[in-house]
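Here's the structure we're looking at; comments come further down.
The values are calculated or read from the model by the stated rules, or taken from the named source; none is laboratory data. Worth saying up front: this structure is predicted, and the values here are computed from it rather than measured. Neighbour counts run over all protein chains shown; Cβ positions are idealised from the backbone, glycine included. When the accessible area is computed, the model is the full protein with side chains, heavy atoms only, and any ligands, DNA or RNA have been set aside. Shrake-Rupley method; radii C 1.70, N 1.55, O 1.52, S 1.80 Å.
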Amino acid sequence: MSSPLKIAIAGLGTVGAEVVRILARDAAMLTARAGRPLVVTDVSARDRGRDRGVDLSAYTWHDDAAAMASTAAADIVVELVGGADGPAHAIVRNGLAGGKDIVTANKAMVAKHGVELAAQAERAGRVIAYEAAVAGGIPIVKALREGLAGNHVSGIYGILNGTCNFILTTMRETGRGFADVLKEAQDLGYAEADPAFDIDGNDAGQKLAIMASIAFGIPVDEQAVHLEGITSVSADDIAFAEELGYRIKLLGIARRTEAGIEQRVHPVMIDRTSPLGQIEGVTNAVEVAGSAVGTVVLTGPGAGAGATASAVIADLVDIAAGRRTPTFGIPHTMLKREPAASMNELVSAYYIRLMVWDRPGVIAGVTGVLGRHNVSLESMLQRGRDPGEVVPVVMVTHECQEAAMRAALAEIEKLDSVVEPPTLIRIEGL
Ligand SMILES: NC(=O)c1ccc[n+]([C@@H]2O[C@H](COP(=O)([O-])OP(=O)(O)OC[C@H]3O[C@@H](n4cnc5c(N)ncnc54)[C@H](OP(=O)(O)O)[C@@H]3O)[C@@H](O)[C@H]2O)c1
């Protein structure tokens, strides 16, 4: 049996404490799989006195996690503190400088500093593993980096934020509005007190940027992701989607197109019988289209102590067993910038909802504007009639360019009969 892999863990919160628990509980199984024992030697968090439900007495405690990363006599530093900058970044940089491999669950840091850290790791002959940073317990990083290495990836489509999927699912099941369901998600602990990072699409955007880097061999760049959140999705839109055979999901989409690489996060309507259309509640899922394999869908829990620790431990076993992969699948010097496709060039079908005065000639006015912009309609839905009142009119277009759709909507919004800004949701043919 080879020498033990000595592990220093920074951060003993939800994920860190669970990692410690599983390493102790399943030591024999993990030793067999890694070919050597995985042994925690050093730990650090903010508050030494806090009861974490795990026995830490056998480990050397450090008040300063960044100093521990430099000086501990460990082979590997596990960073489970969180945050793109500050202590987490210092822990990883110090760990690499101190000759240690790194395992982290920190999507914010990998999305922001991934290229710089990959370069530092490669110079030091070390690896950075971050399976837990993308879609929690779903082994999508490994799938993209290794399992699908024989494919040109043309597209990735992911339900990457459990909070948003829970909110959209509950809105559909109950008919309730966004604000009301967000409150419930907060009460249940699915949404943070400040939910902006989730519901505005930032969290999904960071995960998408990381996957796009691996899939397309481009430098990770979270700024390249077009973000739209779910705050404007209404109960009406969800009900109309159902009537049209769709489900509304917050999707992260990265595609290689003739116009360049698309990276976008926004609500979409997808066929409700499609694999992603059926993903409900806090569950995550990622669909990958590859040149050789066709389509692969992975689904599972995207967060939570057990799911996230599962991914952290898989990385530890890989490193212990000597399975070492460059951060983004290829050496960082081979990552190549590619043109980004602008949203104006996107070609999509659209769901449009207008709130209009129910009076003669209104529809003709709207379809006239669409026609002038070469936007053709596939179907239209008008629920009931209420002469003299405001009623919703829903239109589904054939595929057209986003720029044309936007120009048409800007004109439609100015029509006398249209009482509020139109709602637009892209329809994805998955
Ligand atoms: N929770 C999930 O479901 C999940 C899922 C996927 C990825 N992640 C990622 O996993 C990482 C950890 O998340 P978490 O949910 O476990 O967070 P958490 O429960 O808030 O735990 C953070 C830990 O870091 C410690 N800490 C904070 N500042 C520190 C510092 N300056 N020096 C040393 N330790 C410090 C805290 O110490 P005290 O305990 O003493 O306060 C705590 O133990 C994050 O990057 C997160 O994005 C989490």
Considering only the chain, percent of DSSP beta bridges that pair antiparallel, nearest 5: 70 percent
Within 10 Å of each candidate Cβ there may be at most 11 other Cβ atoms; applying that plus a DSSP loop requirement, which GluC sites (Glu not before Pro) in the stretch 238-272 survive? 258
Once the other residues with Cβ under 10 Å from the Cβ of residue 342 are scored (Lys, Arg +1; Asp, Glu -1), what is the net sum? -3
Largest to smallest principal axis extent of the C-alpha atoms in the stretch 1-154, angstrom: 50, 36, 27
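So which trypsin sites (Lys or Arg not before Pro) in the stretch 350-430 end up in coil per DSSP with only 11 or fewer other C-beta atoms within 10 Å?
Values: sites: 353, 372, 383, 385, 406, 414, 426; in loops: 383, 385, 414.
In loop regions of the stretch 350-430 (DSSP not H, G, I, E or B), the sparsely surrounded trypsin sites (Lys or Arg not before Pro) are 385, 414.
Tell me the trypsin sites (Lys or Arg not before Pro) within the stretch 303-337 that lie in a loop according to DSSP and have at most 13 other beta-carbon atoms within 10 Å.
Working: sites: 323, 324, 336, 337; in loops: 323, 324, 336, 337.
Filter output for the stretch 303-337: 324, 336, 337.
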Mind listing the phi-derived Karplus ³J(HN,Hα) values for the stretch 56-61, rounded to whole Hz, using 6.51, -1.76 and 1.60 with θ = phi - 60°, and x for any glycine or proline? 9, 5, 7, 9, 6, 8
What distance in nm separates the two pseudo spin-label positions at residue 344 and residue 372, each 7 Å out from Cα along the beta-carbon direction? 2.0 nm
Enter the accessible area per residue of the stretch 152-273 (Å², integer; probe 1.4 Å; all protein chains in place). 35 Å²
Using only the C-alpha atoms of the stretch 377-429, find the volume of their convex hull and express it per residue in Å³. 89 Å³
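Considering only the other residues whose Cβ falls under 15 Å of the Cβ of residue 241, what net charge follows from Lys and Arg at +1 and Asp and Glu at -1? Working shown, then result.
Numbers: positive: 172, 247, 249, 272, 353, 383, 426; negative: 173, 236, 237, 242, 243, 271, 280, 378, 428.
That sum, taken over residues with Cβ under 15 Å, equals -2.
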Simple spin-label model, 7 Å along Cα-to-Cβ: residue 386 to residue 2 in nm? 6.9 nm
In nm, spacing of pseudo-spin labels at residue 324 and residue 119 (7 Å Cα→C-beta vector): 2.1 nm
Dividing the convex hull volume of the alpha carbon atoms of the stretch 172-256 by its residue count, what do you get in Å³ per residue? 115 Å³
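Where in the chain are the DSSP H helices whose C-alpha atoms run 15 Å or more along the long axis and whose mean Kyte hydropathy is at least -1.0?
Passing helices, by number: 14-25, 86-97, 107-124, 162-174, 202-216, 305-320, 362-372, 402-413.
So, counting K/R as plus one and D/E as minus one, what does the shell of residues with Cβ under 14 Å around residue 47 add up to?
On the way: positive: 46, 48, 50, 52; negative: 51, 63, 64.
Neighbour charge sum, excluding residue 47 itself: +1.
Just to check, using Stokes-Einstein with a Kirkwood Rh over alpha carbon pairs, what's the diffusion coefficient of the stretch 188-343 at 10 °C and 1.306 mPa s in µm²/s?
On the way: Rh = 17.6 Å.
Diffusion coefficient, whole number: 90 µm²/s.
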Between the stretch 355-389 and the stretch 399-421, the alpha-carbon center distance in angstrom: 12 Å
Looking at the chain, I'd like the Rg to Rh ratio, where Rg is from alpha-carbon atoms and Rh is Kirkwood's inverse mean 1/r. 1.04
Provide, in order from the shortest bin, the percent of all Cα-Cα pairs of the stretch 310-430 in each 10 Å bin, continuing until the bin that contains the maximum pair distance. 11, 32, 18, 11, 12, 12, 4, 0
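From the cross-link list 112/336; 112/183; 107/336; 100/142; 6/107, which pairs have alpha carbons spaced over 28 Å apart?
Details: 112/336 17 Å; 112/183 30 Å; 107/336 21 Å; 100/142 21 Å; 6/107 24 Å.
With Cα atoms farther than 28 Å apart: 112/183.
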Give me the percent of accessible area attributable to carbon and sulfur for the chain, probe 1.4 angstrom. 51 percent
Semi-axes of the equivalent ellipsoid of the stretch 287-331: what are they in whole Å, largest first, if each equals the square root of 5 times a C-alpha gyration tensor eigenvalue? 23, 19, 8
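Relative to the present Cα-Cα distance, how much length would full extension add between residue 259 and residue 406 at 0.36 nm per residue of separation? Don't skip to the end; give the middle numbers.
Working: separation 147, 0.36 × 147 = 52.92 nm, distance 1.85 nm.
The span from residue 259 to residue 406 would gain 51.1 nm if fully extended.
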